[in-house]
Structures are given as C-alpha cells and as structure tokens.
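Take a look at the structure below.
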Amino acid sequence: MITPAFELTQDPDFLTIIIKVPYARASEFDVYFEGEDFKFYAKPYFLRQLTLPGRIVEDGREKACYNTDKGTFTVRIPKEIPGQYFEGLDMLTSLLAPKKSRSAKPLVEEIGASAELSEEEEEEFDWEIEQIPYKESAESTLPLQYRYGFGNLRSGVFQRLQDELSDVIDIKDPDETPVDERRRKRLAAEAAKFEPDHYLADFFEDEAIQHVLKYKPWWVDAHKKMVALQEETHKEHDTHTFVVFSEEEREQLRKFTNKSYLLDKRSRHQVYLGLIDILLAYCYEICVNEGDKNVESSWNIRKLSATLCWLESFTSIHDVLVSFGRRVLCYPLHRHFGLVTRAFNDTVMILQLGKAAVLKCLLDVHKTFRENDPAYILNDLFITDYCIWIQKTKSKKLAALSESLQKTTLTKSHIGFELEELEAAAVLVQEEESMLKAAGTVSKQQLPSSESETSDSEESSSTSSSETEGSDSDERESSTSEDGKINSLQGTLQEERTAPLIDCNGLRQGTNTSTFEVSDEKSKVSLQSTSVPGKLVEELEKQMHTAIRLSEQPEGLATASCILQEQEENC
C-alpha cells in the first residue's frame, strides 16, 4: 500500500483534509474519523492513521468530494469545539507518527522472573511500519522515450503502483524501460508463448470458431444502412444517425471533464495508431463472446492490445496489425487467423461509421475496465482521454485513417511464426493418416471375397468327394459280390483243410477254423503242399490271384486285404 500525499487546512468551524490519490478507483473510498483519529483508504492508497492536534466530530455536516482531473480527495469535517485552533497542521511527520503508549512501565515488577524469556516475550513487536508521504515528481523530468499513456503524456505512475498493477501490464519497470527495449521484450515474450499444437488444433477443428464468425455486432447493420443510403442518394450522410447511445452511456459522457490536448505531430500519429490497436482488441472480444461480457472480457482487451499491455508506441499501421495478429495467436482461447481478419474488417467498419461509432466502442471499453479491479488504471492512462479526445476529432481524419487501414494487407507470413509451413506439414500428416485408414478399409472389404472363394472351393471339393463316394459305393457293391464268391470258395477250402491244418500245427485244437481267411496265402500254400492234393493246390492258387487282384482295388476294396494280412500275422 502507498501512503498518499496530503495537506490540511482549517477555518473556525471545519478541518479540511486534501488527499492526493491519482489513478485511484473512484468507486471505492473508505473514510474513518473519530476524536483525534483519521483514516483513509482508496486502493492502492492507504493512510493508516493521522493523529490530529484537536478533536473532530461526525454530526451530519461533514462532506467529501473527489476531483478526477486533479486526482484529489477532499474531506471537510466539523470541529468538536467550534472556534478551536489546531496547531501544527503543517507538521506532517508528527501527524503520521503512531500514538505513544499511554501506559507506563508496570509499578510492580516480578524480580524472580525466569531469565529464559525470549525476545518476543520481552518486547512487543510493532507491526505498524513507518508512513512516509509520497512526493510527486515532475513528469517532465523523464525523457520522452520513457513515457506512456495517451499521447505519451504520463510517466512515473508505475514506480509506485508496480506491485498493485503487475497483473495489468506485462512489462516490468516501464518508467525505466525505453520504447525500443519494450518492443524487443514483447516480441521475445510472444515468441516464447506461441504454441504450434494449439494453433493447429484450432486450424483443423474450427467448428466453434466458424460459429462465432457468423455473429454480427451492431456496427455491421449500421454500416449496411449507411452504405445503402449513400448508394441511393450519392451523398455522404451524418454517421451519427446510425449510432444510438444508451442512457448509461450518456450519463458517463456527462461525467467526463472537458479537456484540450496539446499534441505534436508525432504524438498525434501515435494516438491514432493506438486507437486502431485498442479497437482491434475490442472487436475480437465482441466477436468471440458474441456481444456478451464475462470475467475474461477485460483480460482479452488489454492482453491483445500491445498499447495497453506493453505501453507500446507504434510507428505504422502494418506494425499494429502484425502485433495484434501475433497476440491473437499466442494468448486467448481461440487462436485462429480468421479471427484476426474478422477484427480487421470490423475495425474498418467502425472507423467508416465515424467518431460516434468509435466513441460508443470506447465507452464500452471504459465500462469493462471500470468494473474490473486491476484494469481500472487503464482508464486513467488511456481510455478516458480517448473518449474526450475523439469527440473533438474531425471526421475526415477518421475517414482517411480507415482508408489507410483498408489498404494495408496482413498475411500469415507477416506474423513470423512460420504458420504456412506448419499448416503444410500438418496437411501432409493428415493425408498420410487418411491413406492408411483407406488401405485398412480396403483390406477389410477384401476379406469377405476370399472367404467366398474358400467356401466355393469347399463346395467343389465336397461335390467331388460326393462323386468319389458315389463311385466308391458302386465299386464296393461290385467288390461285395466278388467277396461273396471268394468267401464261398474259402468256406469249401477251409472244410477240406481243417483236419490237416490242426494236425500239423496243433495250435487250435477244438476251435472253429472258420476264422482263417484267404489273406494267409504263404502259410496256406506251405501247409497245402504237405497235406493237400495237387488239384486243390492249383485251385487255391487261382483263388489267391483273385484275392490279390481285389486287394489292389482303391480304398473300399483294400479292407479285405487288410483283414487277410492281420489274420496272417495272427497265424
């Protein structure tokens, strides 16, 4: 907190206290007085305690007023005893000194107290810091390059308000930073803040941005009416007829003090460029929020305007556009180049509508800052003076300014963030991803065709297998008839061979010899040669050839030969 500069005067019945609080928030003043005590607070100023040489009273005759031009707060308080003279009102240091303790040392002290008392217990800490009145420094002592505000008419403000207003501006110690160094620091801060991922996300997924771009503020319809009327009559009409001020705006205009500004050519040039910068930021805020205000409105306007945030002094319209474009792509929620173009077009419309439209926009900015705690200082530095100055500006000047602005071009290559290269690389990546997705879709579509081919092959194989099975069944029927003949022959042979076989081998006494089959050719031949007559052997050989021929038949006929081989092994 800052202890403000003040002075005291008196007359027989009243005490007058004049407190200098420039750039204080006029809507918040706290005054307390009782007896010999007087306290005052207006952020960021705090007069903690003023000890008066006499007593004052609150009886309804007290008055207070604030002079916005001089930045002074005047309090007129009646004396408790009319006619009493207060001595030493010019001894400010003694008036600021805290009251002395009215209690003396205790009359009775404890001699046997513990010697281990800490310093905190032995001494009472004085939390009241010494108050030193702030001394106003002449603004002319600083060179022009260290100044700021409307027309570079202010200086020394942030030397005492830097701690309280660090959230309002980005530059530190502006009173000791020249314009060129401010610009270098601003460009470095913007380059460090730029995020390619955020920019590309808004570039490809721009549904929300396209939605807000469709919003039409009040100046769009007013501009259309003005252009249509000019085309019909072929004459220029007073633009005031297309702009209507609300009662609240009229009341604010009545509160402004009439001023005259003595600006040289260079300062006037910077004032016009600063006006463009502020209007661009205001148009962006109105577009993205579709005319509604929220808690971020004040932040958006002052953050996007380098004039307000970095106390920048521009030298050309193109520099203003580049600065605004860079800040749009670095700081707010929506970072899209289309919003830069939209704000540019809206600013041209507002300037073409004349100073009435410009004043209406500035009044809205003034209200936004007035309702925001840290941003109100920007009204005192810039916006209030702009609202007063624009009313005396000639319309031809604004028309020429809008024409010059309209002729100025801004492309992505001017921004300096390699936006076109980023977009081209992102498009290539997106095309590759789409190609991979398309290839995956094609492979999925080919799977059903291969499955159909597989099913067709399976159907053909099943058809061929059914045909094979049919032929096999025919062959099995023929082989069955032949097997019947062979079995009948085997039966006769077995009946004739039963006794000799059993006698020779002695293996199966008392068993049924019908289990033997024709497949045991070799053993049977050897046995027959010893015990069977020659005719029987010849007939058996013929039957063997028949059995061998049947065993060479495919699949179904091979079963008979397999049975014969098993019986041969058993033998």
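The values are calculated or read from the model by the stated rules, or taken from the named source; none is laboratory data. Source: prediction; values computed, not measured. Glycine gets a Cβ as well: all are built from the backbone with ideal geometry, and neighbour counts include every protein chain shown. Heads up: the accessible areas ignore ligands, DNA and RNA and are worked out on the full protein's heavy atoms, side chains in. Shrake-Rupley method; radii C 1.70, N 1.55, O 1.52, S 1.80 Å.
Summarising the amide proton neighbourhood of T72: residues at separation of 5 or more, or on other chains, whose placed amide H is nearer than 5 Å comprise V21, N67. Working ranking of peptides 192-205, 39-52, 173-186, 425-438 by packing, defined as the average number of other Cβ atoms within 10 Å per residue, highest first, is 39-52, 173-186, 192-205, 425-438. Segment D206..V227, full-extension length gain: 4.4 nm, with 0.36 nm per residue of separation and the alpha-carbon distance subtracted. Neighbours of T16, meaning other residues whose beta-carbon lies under 13 angstrom from its beta-carbon, give a summed charge of 0 when Lys and Arg score +1 and Asp and Glu score -1. Here the calculated FRET efficiency for E249 and T341, from their Cβ-Cβ distance with R0 = 30 Å, stands at 0.55, rounded to the nearest 0.05. Non-local lysine pairs in region 5-96, meaning eight or more places apart or on different chains, with alpha-carbon distances under 18 Å, amount to 8.
The apolar share of the surface of region 158-415, taken as the fraction of accessible area on carbon and sulfur atoms (1.4 Å probe, ligands and nucleic acids excluded), comes to 51 percent.
Take the Cβ atoms of Q430 and Q406, set R0 to 30 Å, and the FRET efficiency comes out at 0.30. Note on region 158-415: the alpha carbon radius of gyration divided by the globular reference 2.2 N^0.38 Å gives 0.99.
Between D206 and any residue 5 or more places off or on another chain, the built amide H atoms are never under 5 Å apart. Cα-based radius of gyration for region 5-96, normalised by 2.2 N^0.38 Å, reads 1.03. Computed over protein heavy atoms with a 1.4 Å probe, the accessible surface of region 5-96 works out to 51 Å² per residue.
Near Y45, the amide H atoms lying under 5 Å from its own belong to I2; only residues 5 or more places off or on other chains count, and H is placed 1.01 Å from N.
Think of region 158-415 as having a plus end and a minus end, set by charges on the Cβ of Lys, Arg, Asp and Glu; of L213, G354, L333, G354 sits farthest toward the positive end of this dipole. Modelled spin labels at D292 and A189, positioned 7 Å past Cα toward Cβ, are 3.0 nm from each other. Each listed q (0.21 Å⁻¹) maps to a log10 I(q)/I(0) for region 163-284 from the Debye sum over equal C-alpha point scatterers, namely -1.31. Computing the accessible area with a 1.4 Å probe over protein heavy atoms, can you report the carbon and sulfur percentage for region 5-96? So the carbon and sulfur contribution to the accessible surface is 50 percent. Measuring between alpha carbons in the structure, the pairs from K225/K355; K265/K394; K265/K396; K293/K412; K216/K392 lying more than 19 angstrom apart are K293/K412; K216/K392.
With N set to the residue count of region 307-422, report its C-alpha Rg divided by 2.2 N^0.38 Å to two decimal places. Write out the running numbers ahead of the final one.
Working: Rg = 15.4 Å, N = 116, 2.2 N^0.38 = 13.4 Å.
Scaled against compact globular proteins, the figure is 1.15.
On full extension, the segment bounded by Y215 and Q391 gains 60.5 nm, given 0.36 nm per residue less the C-alpha separation. Per residue, region 158-415 exposes 46 Å² of accessible surface when a 1.4 Å probe is rolled over the protein heavy atoms with every protein chain present.
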